[in-house]
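Q: Would you mind keeping the following structure in view while I ask a few things?
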Amino acid sequence: MKELSREAEDLFRSGKFYCSEAVFYVINKYLGYPVPEEAVRIASGFPIGIGKTGCLCGALSGGVMALGLKYGRSSPGDQAPKILELSRKLTEQFKARFAHTCCREITKAVQFASQDRREKCIAITGAVVADVLRLFEEV
């Protein structure tokens, strides 16, 4: 688990991916690529609170998308009750840890372009990967 969290953090730290992309990419890889590797593009609009709007944290968005890789629906009418429960659990865990789900609220104590903010977001990215993997183990 720590190795995968670290991989996501390193992808973000290196500038290769942002938070949502790193979470989605690492979990997709962990699951054996249920969607092609280039599907990470789906996660590219979520960093910095969905397109830099500062709202929903990109790492959390990536985590919900990653849960969907395993438990989401792929055909109209399919049953997928686990995805809603697990997405709720992930969001509640996130909010318990960071007090907010909104990017700008989580990071308001640090300057936007600062290294402190970047490190905080990198740590959040790794934490979300670990939380998603724990949820996989619970089911």
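Since every read-out is calculated from the coordinates, none of them should be taken as a lab result. Keep in mind that this is a model prediction, so the values were computed, not measured. Methodologically, a virtual Cβ is constructed for each residue, glycine included, from the backbone with ideal geometry; neighbour enumeration extends over all protein chains shown.
Q: For helix 115-138, what angle does its Cα long axis make with the longest principal axis of the chain, in degrees from 0 to 90 and rounded to 10?
A: Computed tilt is about 20 degrees.
Q: For the chain, what is the relative contact order in percent, using Cα pairs closer than 8 Å and at least 6 residues apart in sequence? Walk me through the numbers on the way to the answer.
A: Working: 180 pairs, mean separation 43.9, N = 139.
Once divided by the residue count of the chain, the mean separation gives 32 percent.
Q: For every other residue with a beta carbon closer than 14 angstrom to the beta carbon of Phe136, add +1 if it is Lys or Arg and -1 if Asp or Glu, then tell me the sum.
A: Value of the local net charge: +1.
Q: How big is the charge dipole of the chain about its Cα centre, in debye rounded to the nearest 20, if each Lys and Arg gets +1 on its Cβ and each Asp and Glu gets -1 on its Cβ? Spell out each step's value before the answer.
A: Details: 20 positive and 16 negative charges, 72 e Å.
The dipole magnitude comes to about 340 debye.
Q: List the residues, sorted by chain then number, that are 5 or more residues from Leu56 or on another chain and whose placed amide H is less than 5 Å from its amide H.
A: Cys103
Q: Please work out the Cα center distance from segment 83-113 to segment 1-76, rounded to the nearest Å.
A: Measuring centre to centre over Cα atoms gives 15 Å.
Q: Regarding segment 2-138, what whole-number volume in Å³ per residue does the convex hull of its Cα atoms give? Don't jump to the answer; show the numbers that get you there.
A: Numbers: hull volume 14.4 nm³, N = 137.
Taking the convex hull of the Cα positions in segment 2-138, it is 105 Å³ per residue.
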